[in-house]
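Okay, so here's the structure we're looking at.
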Amino acid sequence: ETIMFTPPYWFHDNIKFTDEEINKLKSNLLSLKKDDSPVSTFFIHPDERPDKFLNEKYKKIIQDIIINVGMSYKSNSAYTYWSQLYGKGNYHQPHNHAEKGEYAPDISFVHFLDVPNEKYFTFTDTKDSKFIPDEQSNGDLICFPSWVWHYITPNESNQLRMVVAGNIIFTEHFK
């Protein structure tokens, strides 16, 4: 019997940024590029990141996600996000964002800002099953529980693939 793998995820919205914002972020990320590896702002301090000009936009986007999942009146939250730029051949191995402790993320998201037509974001499970979501066009934003495994297959396009990923943490719950 074949069991179909369907990860828990949802399409949040299609939120396109202006060409000016896309080009500014791409230029900022390219200025960080040192070799053929993908570029990520994950390890850069938030005050020094080249994507910080998007802080107000992501504050609103994340507030909307929290409202849509029904947690806006029942908890406090925190979040983080980072930008990633993948050139030809770049990929990211299977991982999840699950952590232990007080600030373990609850919801993760990917915002596809400027991506090729091919779909590279893939969900997986512990048996190497895979699920490729349809929602991977420019502007698409998908959310999923932080414990869900996912990866990026190698970018076979000559087009750079630019996304913003992040985590939302519910820090305190109210009755």
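The values are calculated or read from the model by the stated rules, or taken from the named source; none is laboratory data. Computed from a predicted model, the values in this text were never measured in an experiment. Positions of Cβ are generated from backbone atoms using ideal geometry, with glycine treated the same way; all protein chains shown enter the neighbour counts. Protein only, heavy atoms only, side chains kept; ligands, DNA and RNA dropped before computing areas. Shrake-Rupley method; radii C 1.70, N 1.55, O 1.52, S 1.80 Å.
For the stretch 40-175, the residue among H95, S75, W147 whose Cα projects farthest onto the positive side of the dipole built from Cβ charges is S75. A DSSP coil position with no more than 11 other Cβ atoms inside 10 Å describes the following trypsin sites (Lys or Arg not before Pro) in the stretch 3-82: K34.
Averaged per residue, what accessible surface does the chain expose to a 1.4 Å probe, in Å²? Please report the intermediate quantities before stating the final value.
Working: 10240 Å² over 175 residues.
Accessible surface, normalised per residue, equals 59 Å².
How about the stretch 82-131: which GluC sites (Glu not before Pro) there lie in a loop by DSSP and see at most 10 other Cβ atoms within 10 Å?
Those that pass, being in a loop and sparsely packed, are E102.
Modelled this way, with points 7 Å down the Cα-to-C-beta line, the labels at N138 and D125 are 3.6 nm from one another. In this Cβ point-charge picture (+1 for Lys and Arg, -1 for Asp and Glu), the stretch 56-136 has a dipole of about 80 debye about its Cα centre. What percentage of the solvent-accessible surface of the chain, computed with a 1.4 Å probe over protein heavy atoms, is contributed by carbon and sulfur atoms? Its accessible area is 50 percent carbon and sulfur atoms.
Pairs spanning more than 32 Å between alpha-carbon atoms, out of K59/K100; K52/K175; K16/K88; K59/K127; K16/K175: K52/K175; K59/K127; K16/K175. If you take all other residues with their beta carbon under 13 Å from the beta carbon of K74, and give Lys and Arg +1 and Asp and Glu -1, the sum is -1.
May I ask for the net charge around P145, where only other residues with Cβ less than 14 Å from the Cβ of P145 are counted and Lys, Arg are +1 while Asp, Glu are -1?
On the way: positive: none; negative: E99, D106, D125.
Result for the local shell: -3.
Please enumerate, by chain and number, the aspartates and glutamates with C-alpha under 14 Å from the C-alpha of K33, excluding those fewer than 8 residues away in the same chain. Those aspartates and glutamates meeting the cut-off do not exist here. GNM remark for the chain: springs join alpha carbons under 10 Å apart, and the peak mean-square fluctuation among H92, H45, H12 falls on H45. Counted over the chain with a bin width of 5 Å, the fraction of Cα pairs per bin, in whole percents, is 1, 8, 17, 21, 21, 17, 9, 4, 2, 0, 0. Each Lys and Arg Cβ is given +1 and each Asp and Glu Cβ -1; about its Cα centre, the chain then shows a dipole of about 220 debye.
Summing +1 for each Lys or Arg and -1 for each Asp or Glu, what net charge is found among the other residues whose Cβ lies under 15 Å from the Cβ of Q136? Intermediate values should be presented prior to the final figure.
Working: positive: K16, K119, K130, R161; negative: D13, D114, E118, D134, E135, D140, E156.
Value of the local net charge: -3.
Students often get this wrong: which residues of the stretch 91-113 have the backbone nitrogen under 16 Å from the point 7 angstrom along Cα-to-C-beta of Y151? Label zone hits: 91-97. Computed extension length for N76-N117: 11.1 nm, one decimal, from 0.36 nm per residue of separation with the Cα-Cα distance subtracted.
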